[in-house]
Amino acid sequence: MILVLNCGSTSIKWKVFNLPAQAGAKLKPVQEGQCSVTDQNLFQKFLEIELAKVDRTNITLVGHRVVHGSDKFISPIKIDENNLSELEKISHLAPLHNPFNILTIKTCQNIFKDVSQFAVFDTEFFANLPEKASTYPLPEEIVKEFGFKRYGFQGTSHEFAARKAAEMVKKPISKLKIITCHLGGGASTAAIKNGKAVDTSMGFTPLEGLVMMTRSGNIDAGIVLELVREFSLDKASEILNKQSGIKGICGDSDMLRVLDRVSVGDEKAKLALDVFVYSIQKYIGGYFAILGGCDLLVFTGAIGYGSAKIRNMITKNLDILKKTKILAIKNDEELAIAAKVLSIKY
């Protein structure tokens, strides 16, 4: 069996799948679980509680979601001490995810001592973005030295949602123009043409793009400079990653509570929701132009799939979508990760 772990700073999700008898056979989950992490300092404790629920008898493979692989890691890899060490060096690029991904890997190495472990990267789906989409307008020598480019994230989710949507409308993905919106604690959009990603909202790190629950998304770079000048690099990172976004505007990082507050006339909650929706609408409009139209607009993620109200707010006044089919798809990143791991094994 294969155990798949999908972990971030605020949640732990896992599934165990039966190994198929042959390549291409359907994967079936036989056990699963998840929990919210209420305190990042207690992540290890929450993880150990969840792993204690796993039937460890027949686990022969473990797959991990890793958010950022930089240019060093694109395709799925078998984890060893060398590449794990390299992953630790780039943890700062995705501070809400990579440190917890690595902690999960190390914990599983201790528990499943003789089991092969694999990493699947969020950035893989966006590895071949056109240069005009991936290039930042910075001095060439700086770009080369630091590897600045648009990597994109949540790629496993965007790819899964796009392929599932194509299946649902019974058309080949190679002939469709698709915009995907992954909306959850982290949020991003992607423009997909003929099955290939051509643009995405997250960039060098998962901080760029849409307004998110605690992340700022796009802001004037001058604001970042002012924050670093006034406080410190670490404090600026804390503000932008953990205290901004919807939480920064209305003080709440739970979308259900935000919606409840909006329903009783809370102006700050309404503003936060309006800013969130507006940021998504701008990307949809931009991607519509880039793609030259849109056949499918796909919503996924806990908010994107889970809230019809927010989907309606986003699409209500977008006349450009009159000929676009709108779908909500429940994502299964764990299934996608398992399939990618097995593609290596087979």
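Every number here is computed from the coordinates shown, using simple stated rules; none is lab data. Since this is a predicted model, take the numbers as computed values, not measurements. Every residue, glycine among them, receives a Cβ derived from its backbone with ideal geometry; neighbour counts consider all protein chains shown.
Please state the charge dipole magnitude for region 155-328, taken about the Cα centre, from unit charges on C-beta atoms (+1 on K and R, -1 on D and E), reported in debye and rounded to the nearest 20.
Using Cβ point charges on Lys, Arg, Asp and Glu, region 155-328 gives about 940 debye.
Show which aspartates and glutamates lie in cross-link reach of Lys13 when reach means a straight Cα distance below 14 angstrom and same-chain residues fewer than eight apart are skipped.
Glu32, Glu48, Glu50, Asp332, Glu333, Glu334
Considering the Cα positions of region 140-282, please state its Rg to one decimal place and its Dmax as a whole number of Å.
Gyration radius and largest Cα-Cα distance of region 140-282: 17.4, 55 Å.
Give a residue-ordered list of calculated ³J(HN,Hα) values for region 236-252 (Karplus: 6.51 cos²θ - 1.76 cosθ + 1.60, θ = phi - 60°; whole Hz; x for Gly, Pro).
Listing the rounded values in order: 4, 4, 4, 5, 6, 8, 10, 10, 10, x, 4, 4, x, 7, 10, x, 10 Hz.
Give me, ordered by chain and number, the residues 5 or more places off Asn331 or on other chains with an amide H under 5 Å from its own placed amide H.
Here Gly301 satisfy the definition.
What are the ³J(HN,Hα) couplings of region 177-194, residue after residue, when phi is run through the Karplus curve with 6.51, -1.76, 1.60 and θ = phi - 60°? Round to Hz, x for glycine and proline.
9, 10, 10, 10, 10, 8, 10, x, x, x, 9, 7, 10, 9, 9, 10, 10, 6
In whole Å, what are the extents of region 2-121 along the principal axes defined by its C-alpha atoms, from largest to smallest?
Rounded to whole Å, the extents work out to 39, 32, 24 Å.
Which of the listed residues, Val16, Thr57, Leu297, is farthest toward the dipole's positive end in the chain, when Lys, Arg count +1 and Asp, Glu count -1 at the beta-carbon?
Leu297
Treat the count of other C-beta atoms within 10 Å as a stand-in for reagent exposure and order Val341, Val115 from fewest to most.
Val115, Val341
Could you please report the charge total around Lys323, scoring K, R as +1 and D, E as -1 over all other residues with beta-carbon less than 12 angstrom from its beta-carbon?
Net local charge, Lys323 excluded: +1.
Ile344 label point, 7 Å along Cα→Cβ, cut-off 15 Å on backbone N: hits in region 2-21?
2-6
By per-residue mean of other Cβ atoms within 10 Å, what is the highest-first order of 308-318, 187-197, 8-18?
187-197, 8-18, 308-318
Listing Ser343, Ser216 from the residue with the fewest other Cβ atoms within 10 Å to the one with the most, what is the order?
Ser343, Ser216
Say the cut-off is 21 Å between C-alpha atoms; which of Lys282/Lys325; Lys132/Lys171; Lys15/Lys45; Lys15/Lys113; Lys45/Lys78 go over it? Write down the numbers at each step before the final one.
Numbers: Lys282/Lys325 18 Å; Lys132/Lys171 29 Å; Lys15/Lys45 19 Å; Lys15/Lys113 19 Å; Lys45/Lys78 26 Å.
In this structure, Lys132/Lys171; Lys45/Lys78 exceed 21 Å between Cα atoms.
For region 39-44, what does the Karplus curve 6.51 cos²θ - 1.76 cosθ + 1.60, with θ = phi - 60°, yield as ³J(HN,Hα) per residue in whole Hz, taken in order and with x for Gly and Pro?
8, 4, 5, 9, 4, 4
Per residue of the chain, what 222 nm ellipticity follows from adding -39500 (n - 2.57) for every DSSP H run with n ≥ 4, rounded to the nearest 500?
-12000 deg cm²/dmol
Suppose we keep just the alpha-carbon trace of the chain; what are its Rg and Dmax in angstrom?
That works out to 19.9, 59 Å for Rg and Dmax.
Can you compute log10 of I(q)/I(0) for region 191-346 with the Debye formula, treating each Cα as one identical point scatterer, at q = 0.08, 0.12, 0.13, 0.17 Å⁻¹?
Per q value, in the given order, log10 I(q)/I(0) is -0.29, -0.65, -0.75, -1.14.
Determine, for each peptide in 164-171, 237-244, 61-68, the mean count of other beta carbons within 10 angstrom over its residues, then list the peptides with the highest first.
61-68, 237-244, 164-171
At what distance in angstrom do the alpha carbon centres of region 127-159 and region 262-291 lie from each other?
After rounding, the separation between the Cα centres reads 25 Å.
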